[in-house]
1. Tally up the carbon and sulfur contribution to the accessible surface of the range 207-349 as a whole percent, 1.4 Å probe, everything protein left in place.
2. Hey, quick one: spin label on GLN278, modelled 7 Å out along Cα-Cβ, who in the range 220-255 has an amide N within reach, i.e. under 19 Å?
3. Would you please report the Å³ per residue occupied by the convex hull of the alpha carbon atoms in the chain?
4. How far is helix 266-281 tilted off the main Cα axis of the chain, in degrees rounded to 10, range 0 to 90?
5. No solvent, one uniform scatterer per C-alpha: report log10 I(q)/I(0) for the range 34-115 via the Debye equation at q = 0.15, 0.17 1/Å, two decimals.
6. Using modelled amide H (1.01 Å from N, peptide plane; none on Pro or chain starts), what sits under 5 Å from the amide H of ARG44, excluding residues fewer than 5 places away?
7. With a 10 Å radius around each residue's Cβ, average the other Cβ atoms per peptide and rank 245-253, 268-276, highest first.
8. Quick one: what Rg and Dmax do you get for the range 95-209 from the alpha carbons, in Å?
Amino acid sequence: MQFHPKKWLGVLVLAAVTILPGRALLAAEFPLPPAGTNMVGQLRVVLSRQQDTLLDIARHYDVGYNEIREANPGVDPWLPGKGTRVLVPTQYILPPPPWQGIVIDIPARRLYYFPAGQKVVYTYPIGIFRPKWPDPLGSTRIIAKVKNPSWTVPKNIQEEHAKAGEPIPAYFPPGPDNPMGELALETGWSQIYIHGTNKPWGVGMRVSHGCFHVYPENEVQLFKMVKVGTPVRSIDEPYLVGTNGDGRFYLQTFAPIEAYKNPLSPQQRAVNAIAAYQSAQHTQFVVDWQRVIDLVQKPNTIPTPIDVNSPSLREIVDGLPAEPYRFPPYGADANQATPPGAKAPPAAS
């Protein structure tokens, strides 16, 4: 994607972002797990109100559309209803090491940032590529930080939208309606950026033409922390295996990405991931292989116990206490590139 940064020569004072009261707009931050474990976070259940949507709840807790929908099958995403128990899937199995810089697990639709010299990890849901626009796998670096980009739309993207009956302009100026957002991190892959979006409800979906979309408020935080030169690694890991010190063995599954054409069957990939983790950690759990088969056949974005005699995920979830969800709805005007409550275009040092 071709960007044209808006040049504000001589501007030394950066615009501040004012956030609405009661609204958490930072990515999930976790201390790195103890040695021998690789899971962070915890599941939670909230009680929705009549005015809430699953998308509101997901965004508040830095969860993507795919995660909140799959965690709550049968719940209407737009009208979950008053008093509905909503499972918030804020527990994660970290991607395979090395834990350095930015790691993007494309099937999981999630980005992890491991800042150098700090024993923490930040994690963000992302929107990934549409079919026929696959993101590259492998390693690169952040080569530039772009504030208030504009976007000259490539001809092939214009043609695709026209054929779909959704014509778009040939050029988007900087601002809240720019699909590229108001901040962007340029990677060393040609025309691939990690950026905000003017359609944040699409985070967690397959919506991009190669870039990685994050919630606008998350991009503000990421933009501030990440330096030029930060390593970036993208991986194709639909089956994540881990432990968190509670004596159980977990599998987290995502739908494989067809564009990457892995020669192994999904079931074999899951078996290999389980064997590799046990070998690396010198552990030996007795695995309930029927649970593994079920999770492969019907991917579940929630880490699920797979060792024999462990409780089912349903038993675990049913045992969680529910807390009221008290945060204000984002509203229709939040579906733009400016973070909710921001009085000026976001910027960072």
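The values are calculated or read from the model by the stated rules, or taken from the named source; none is laboratory data. As the structure is a prediction and not an experimental result, all values here were calculated from the model. Neighbour counts run over all protein chains shown; Cβ positions are idealised from the backbone, glycine included. These accessible areas exclude ligands, DNA and RNA; they are computed on the full protein's heavy atoms, side chains included. Shrake-Rupley method; radii C 1.70, N 1.55, O 1.52, S 1.80 Å.
1. On the way: 3500 of 6540 Å².
Whole-percent figure for carbon plus sulfur exposure: 54.
2. Taking a point 7 Å out along Cα→Cβ of GLN278, the residues of the range 220-255 whose backbone N falls under 19 Å are 239-253.
3. Values: hull volume 50.4 nm³, N = 349.
Per residue, the Cα convex hull of the chain comes to 144 Å³.
4. 80
5. Normalising to I(0) and taking log10 leaves -0.60, -0.72.
6. VAL88, THR90
7. Working: 245-253: 19.6, 268-276: 16.6.
Listed from highest to lowest mean packing, they are 245-253, 268-276.
8. 15.1, 49
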